[in-house]
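Shown next, in structure tokens, is the structure this report addresses.
Every read-out reported here was derived from the displayed coordinates using simple, explicitly stated rules and does not represent laboratory data. Quick caveat, the model's predicted, so the values are computed rather than measured. A quick note on method: Cβ atoms are made from the backbone with ideal geometry, for glycine too, and the neighbour counts reach across all protein chains shown.
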Amino acid sequence: MAETRLFPDRPINVCVTGAAGQIAYSLLPLIAGGKVFGRHQPVSLRLLEIEAALPSLEGVVMELEDCAFPLLHSVFITSDAREAFRSCDVAVLLGAFPRKQGMERKDLLEKNAGIFKEQGEALNFEAAANVRVIVVGNPANTNAYVLKHFAPNVPEKNITALTRLDQNRAVSLVARKLGVPLSKVSDIYIWGNHSSTQYPDVLHGSVEGKGKLSDLLDKSYLEENFIPTIQKRGAAVIAARKMSSAMSAANAVCDHLHDWLLGSDSIVSMSVASDGSYGIERGTIFSFPLRCSRGGNYEIVKELQLDDFSQRYIKITAEELYAEKAEALALLS
Ligand code: NAD
Ligand code: LMR
């Protein structure tokens with residue numbers, strides 16, 4: 001049966017900020033090639049960059065043209081946020097000041113809060129009424145919180161931040177540790193902040209045919225090895241590449257948007273505004289396990305039992321996010 005399109009009568013308008021950067025270079029072909037919004041959905045791209053990067057962005061546009069993607073309907077480039085977000089159905093916010101080696105994510109708060117305030121205001125006035133937003137630029141959760149604060153017209157549920165990369169990293173590490181195919185590993189969740197306090201939770205997970213991860217991995221391995229490895233994976237990539245992850249980040253953005261808009265049979269992790277679930281302050285952009293259904297709907301999974309071990313980690317990451325939120329709002333006031 002032919003796959004139905006998200007927008008049967010027109011292309012989907014997708015705004016990507018930081019479009020001349022490294023994540024965009026890996027992501028744009030996935031979007032224009034049909035991997036994100038489906039193999040039959042035409043796409044119009046609206047690409048935002050700072051003025052100084054527009055010449056480089058023109059080169060990216062030439063390459064998009066040279067890919068001859070049948071689904072790519074149009075490409076528009078600008079350095080004006082209001083023009084970029086005009087009528088967009090999806091906004092992918094990559095544009096930010098990237099963390100350099102040795103920098104803590106919190107150092108980025110000040111540099112980025114101003115960018116996300118301006119972009120929140122622009123989205124508020126220009127985007128389609130039901131725009132779906134994913135923030136990737138770090139500190140992603142708090143940038144998304146700032147954006148939400150300045151975009152009251154955008155439904156709160158539609159503003160998300162990327163923690164799917166952390167989930168993918170965790171699934172991959174478990175599969176490698178246990179020597180099993182990735183496809184057999186399920187139900188690994190990320191809680192909290194996309195930072196070194198995040199809690200990668202395997203305690204509800206399993207390996208098909210082998211059993212529960214809580215029986216296959218002991219807590220000392222989780223505490224001393226697995227959890228810190230996932231928490232620090234972004235920093236490890238930066239130390240090795242001298243640049244932050246890009247290919248894997250683009251792949252995770254693709255997974256996040258695909259599952260959010262087209263639905264997924266699996267529970268997936270996304271950072272979304274808390275509705276008070278698991279005691280997390282309402283409105284905090286916090287990574288939870290979610291069920292997504294086609295059309296851009298999701299629900300936080302509510303029925304999970306969290307033992308003391310998990311609760312201890314979740315408290316640490318929640319407290320970091322509350323402090324980041326307060327700091328960002330103070331910077332802006
Ligand atoms: P990059 O430096 O290669 O690209 C960022 C681009 O954003 C640059 O081209 C820059 O000119 C542009 N930019 C800066 N300010 C802008 C603004 N106000 N409006 C529009 N564009 C602007 O960085 P990258 O490697 O593509 O990474 C982008 C962001 O994603 C960084 O903040 C990085 O830390 C973050 N990141 C997040 C995750 C995650 O899982 N959440 C993973 C990897 C990277
Ligand atoms: C990652 O997890 O790879 C990035 O968020 C690292 C970073 O700070 O850019």
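You will find that of Asn158, Asn225, Asn168, the residue that is more than 16 Å from ligand 1 (Cβ to nearest atom) and within 16 Å of the chain's Cα centre (by Cα) is Asn158 and no other. The residues of the stretch 5-63 that are within 16 Å of ligand 2 (Cβ to nearest atom) and either of a type in the set (Asp, Glu) or assigned to a loop (DSSP other than H, G, I, E, B) (or both), listed by number, are Gly18, Gly21. Would you confirm whether or not the stretch 187-206 contains a residue that is farther than 30 Å from Arg86 by Cβ, surrounded by fewer than 24 Cβ atoms within 10 Å (Cβ to Cβ), more than 13 Å from ligand 1 (Cβ to nearest atom) and charged (D, E, K, R)? Yes, some residue in the stretch 187-206 is farther than 30 Å from Arg86 by Cβ, surrounded by fewer than 24 Cβ atoms within 10 Å (Cβ to Cβ), more than 13 Å from ligand 1 (Cβ to nearest atom) and charged (D, E, K, R). Do you know which of the residues in the stretch 78-96 that are surrounded by fewer than 23 Cβ atoms within 10 Å (Cβ to Cβ) and part of a helix (DSSP H, G or I) is nearest to ligand 2 (Cβ to nearest atom)? Checking each candidate, the answer is Ala81.
Are any of the residues in the stretch 136-155 out of contact with any helix residue (DSSP H, G or I) (no Cβ under 7 Å at 6 or more places or on another chain) and surrounded by fewer than 23 Cβ atoms within 10 Å (Cβ to Cβ)? For the stretch 136-155, residues out of contact with any helix residue (DSSP H, G or I) (no Cβ under 7 Å at 6 or more places or on another chain) and surrounded by fewer than 23 Cβ atoms within 10 Å (Cβ to Cβ): present.
Read through the list (1) farther than 27 Å from Ser274 by Cα; (2) within 14 Å of ligand 2 (Cβ to nearest atom), then give the number of the only condition that Gln198 fails. It is condition (1) that Gln198 fails. Take the residues in the stretch 235-258 that are touching a residue at least 12 places away in the same chain (Cβ under 8 Å), assigned to a helix (DSSP H, G or I) and near ligand 2 (Cβ under 10 Å from one of its atoms), then tell me which one is farthest from Leu173 (Cα to Cα). My answer is Ile238. Just name the residue that is surrounded by the most Cβ atoms within 10 Å (Cβ to Cβ) out of those in the stretch 259-274 that are within 22 Å of Phe7 (Cβ to Cβ) and away from ligand 1 (no atom under 16 Å from the Cβ). Among those residues, the one meeting the criterion is Leu261. Counted as qualifying within the stretch 97-210 are the strands (runs of 3 or more DSSP E) with 1 or more residues that are among the hydroxyl-bearing types (Ser, Thr, Tyr) and touching an Asp or Glu at 6+ places or on another chain (Cβ under 7 Å), namely 189-191.
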